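Participant: Got a structure for you, questions after.
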Amino acid sequence: MKHRILFSVTILFTMFFLLSSVHAEDIDIITPGKTITAYAGRTNQLQILIKNNRNVRDTFYFSAWPTYWISFNKYFVSLSAGEVANITLTLEPPRDAELGTMIYSFTVKSVDYNVSSSKDIYFMIVRTTNVFFSELKINKQLFKPGETVTIEPVITNIDKKETLNVYLTTMVLKDNKIVQNFEDSISVKPQSTETLSYDFNLRITNPPGEYDVEAVLKNTLNKIIDEESITFNVEAIHKIDEEKKTENSILYSTVTITITNNGNAVESDFYVTESLPMISKNFFYPEIEPTFEEEKENRIIYKWLIPELKPTETRVITYQLRFTNVVLISCLLIIIVVWVVWLFFRPTIRKSYMGILARENEISISLSVKNKSRKTLHNVKVVDTVPPLAKVVKKFDTLAPKIKTKETGTELTWKIKQLKPKEERVLTYKIKPVIDVIGKLKLPKAHLIYKTKKGKGRRVLSKTMTIKGKVK
């Protein structure tokens with residue numbers, strides 16, 4: 001850090017008025033003294049008073065010789081008659097400036113008139129330390145995340161005999177907060193220079209903007225003997241990555257949207273958008289309700305507002321498309337369709353009769369068997385039962401059955417070797433009531449028995465048939 005040596009303006013004004021009574025020049029130049037102490041490697045400032053002793057307003061120009069190391073806060077000034085101006089002279093001798101007395105000739109000259117005045121100023125150049133920063137370097141000024149800032153403090157010892165031991169602290173700061181620091185103990189040989197190097201790796205978590213690098217040099221008594229600083233900038237990288245994952249099941253579909261800030265800047269007030277077919281509106285179930293939704297071109301658009309997302313931070317948005325009701329309805333419809341198809345294409349047996357229910361009167365029973373399926377049925381059996389109130393007339397117009405008498409009635413069994421698709425067979429037999437039946441005679445259901453291709457047994461029943469008897 002550069003130090004400033006300021007001289008009291010009050011003393012200068014006092015000297016000016018004391019001397020003004022004895023000076024008869026057109027321009028008075030007043031300094032604190034003839035010999036001024038100036039420190040090498042620092043900014044030394046000297047206040048000079050200028051008075052216009054002429055009775056006209058004039059503009060004056062300032063200069064000094066030699067010109068190196070010296071500058072002014074202004075080079076022109078306009079003064080009315082008797083007016084005084086305060087000029088700041090700055091002297092900045094380098095670190096390795098020769099020690100001793102430097103003489104500068106300060107001149108004030110009128111711009112419009114042939115009037116001027118000069119005064120010699122003696123600067124005694126002294127040095128506070130022989131070891132100092134001759135330079136503080138970085139590899140460039142603008143960086144991106146992932147790059148490396150190389151910091152190089154250069155320390156010089158201008159002492160001709162002594163090796164000097166110093167302590168170096170190098171800090172990287174952002175908004176006056178230390179981000180990283182490096183410390184070293186160094187021995188610098190006489191009349192030599194030591195260059196150190198430190199790497200500051202920029203991560204994605206380092207925010208963009210201006211960074212300061214400050215280097216502090218201390219002696220063995222832990223006293224600061226020199227300071228230096230430099231700045232660099234980190235570029236803002238805006239990078240929002242979105243990953244979408246879908247998990248499907250029979251009853252629902254789960255969609256997970258993961259938003260990650262892979263940049264180095266904080267992202268604020270942005271939206272995550274999801275576009276779905278209009279039909280999905282009735283199935284949409286989000287974990288977090290969208291900020292708003294709109295319908296556009298036969299689609300529905302959902303938007304979630306993300307107020308803030310820091311670097312490396314993640315937000316997860318999850319929603320489900322639930323199809324439970326649709327699946328249940330679809331399954332029911334499929335079952336109904338399959339059942340209807342099965343009814344339509346399965347083998348059938350239909351039982352009918354002809355005749356009048358009366359004692360010793362023959363009644364003709366017909367069993368119509370039809371294969372509605374698309375496959376040939378093998379080893380088909382047709383079984384029917386005649387109740388005990390009637391007897392079978394053992395005289396058959398079609399295929400004769402096998403007859404078996406049981407307590408429950410007479411069982412008739414027909415065996416058909418095969419029944420081709422769409423083929424229909426009619427089996428008939430006759431019965432006679434053994435008594436007069438008053439009311440109704442209920443005939444049992446006829447059975448059609450067959451096996452599937454895989455050998456599983458199947459049974460199809462006819463409808464129950466009722467024959468009306470005599471009425472009292």
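Participant: Return the subset of K381/K445; K420/K468; K370/K440 for which the Cα-Cα distance in this structure is over 25 Å, preserving the input order.
Facilitator: Beyond 25 Å between Cα atoms: K420/K468; K370/K440.
Participant: Next question. Filter K394/K442; K375/K432; K415/K456 down to the pairs with a C-alpha to C-alpha distance above 28 Å, please.
Facilitator: Beyond 28 Å: K375/K432.
Participant: Next question, about the same structure. What percent do you get for the relative contact order of the chain when only Cα pairs under 8 Å and 6+ apart count?
Facilitator: With pairs under 8 Å counted, the relative contact order is 8 percent.
Participant: Over region 347-468, with a single point scatterer placed on each C-alpha, what log10 of the ratio I(q)/I(0) does the Debye formula yield at q = 0.23 1/Å?
Facilitator: Scattering profile of region 347-468, log10 relative to I(0): -1.35.
Participant: Determine the relative contact order of region 131-234: mean sequence separation of Cα pairs under 8 Å and six or more apart, normalised by residue count, in whole percent.
Facilitator: 34 percent
Participant: Here is a follow-up. Helix-only mean residue ellipticity at 222 nm, the chain, DSSP H runs n ≥ 4 weighted -39,500 (n - 2.57), per residue, nearest 500. What is it?
Facilitator: So the calculated ellipticity at 222 nm is -2500 deg cm²/dmol.
Participant: Then there's this: Nearest-5 percent of antiparallel DSSP beta bridges in the chain?
Facilitator: 95 percent
Participant: Rounding to the nearest 20 debye, state how big the charge dipole of region 183-305 is about its Cα centre with +1 on each Lys and Arg Cβ and -1 on each Asp and Glu Cβ.
Facilitator: Roughly 320 debye for region 183-305.
Participant: While we're looking at this one, here's another question. If you project the alpha carbons of region 131-234 onto their three principal axes, what span does each projection cover, largest first, in Å?
Facilitator: Principal extents (largest minus smallest coordinate, Cα): 47, 23, 16 Å.
Participant: Can you pull out the GluC sites (Glu not before Pro) in region 388-438 whose DSSP state is coil and whose Cβ has at most 11 other Cβ atoms within 10 Å?
Facilitator: Here the sparse-neighbourhood loop sites are E407.
Participant: While we're looking at this one, here's another question. In sequence order, what are the phi-derived ³J(HN,Hα) couplings for region 425-430 according to the Karplus relation 6.51 cos²θ - 1.76 cosθ + 1.60 with θ = phi - 60°, rounded to whole Hz, with x for glycine and proline?
Facilitator: Residue by residue, region 425-430 yields 10, 10, 10, 10, 7, 10 Hz.
Participant: For K51, list the aspartates and glutamates whose Cα falls under 20 Å from its own Cα; do not include residues on the same chain fewer than 8 positions away.
Facilitator: The reachable aspartates and glutamates, counting only those whose Cα sits under 20 Å from K51, are E25, D26, D28, E83, D112, D120.
Participant: Hey, which lysines would be in cross-link range of K144, C-alpha to C-alpha under 18 Å, not counting anything within fewer than 8 residues on its own chain?
Facilitator: Here the lysines satisfying the reach criterion relative to K144 are K174, K239, K310.
Participant: Another question, if that's okay. What whole-number distance in Å separates the alpha-carbon centres of region 380-433 and region 193-217?
Facilitator: Their Cα centres are 106 Å away from one another.
Participant: I would also like to ask the following. What translational diffusion coefficient, to the nearest whole µm²/s, does region 360-412 have by Stokes-Einstein, given a Kirkwood radius computed over alpha-carbon pairs, a temperature of 37 °C and 0.692 mPa s viscosity?
Facilitator: 249 µm²/s
Participant: How much length, in nm to one decimal, is gained on full extension between T376 and T256, taken as 0.36 nm per residue of separation minus their Cα-Cα distance?
Facilitator: Roughly 37.9 nm would be gained on extension.
Participant: Check G263: other-chain or 5+ apart residues with amide H under 5 Å from its amide H, H built from backbone geometry?
Facilitator: Amide H to amide H, under 5 Å and 5 or more residues apart or across chains, G263 pairs with K239, T312.
Participant: What is the diffusion coefficient of the chain in µm²/s, taking the Kirkwood radius over Cα pairs and the Stokes-Einstein relation at 10 °C with a viscosity of 1.306 mPa s?
Facilitator: In µm²/s, the coefficient rounds to 45.
Read-outs: derived from the displayed coordinates by stated rules, not from any lab. Every value quoted in this text rests on a predicted model; they were computed, and no experiment measured them. Counting neighbours? That spans all protein chains shown, and the Cβs are built from the backbone with ideal geometry, glycine included.
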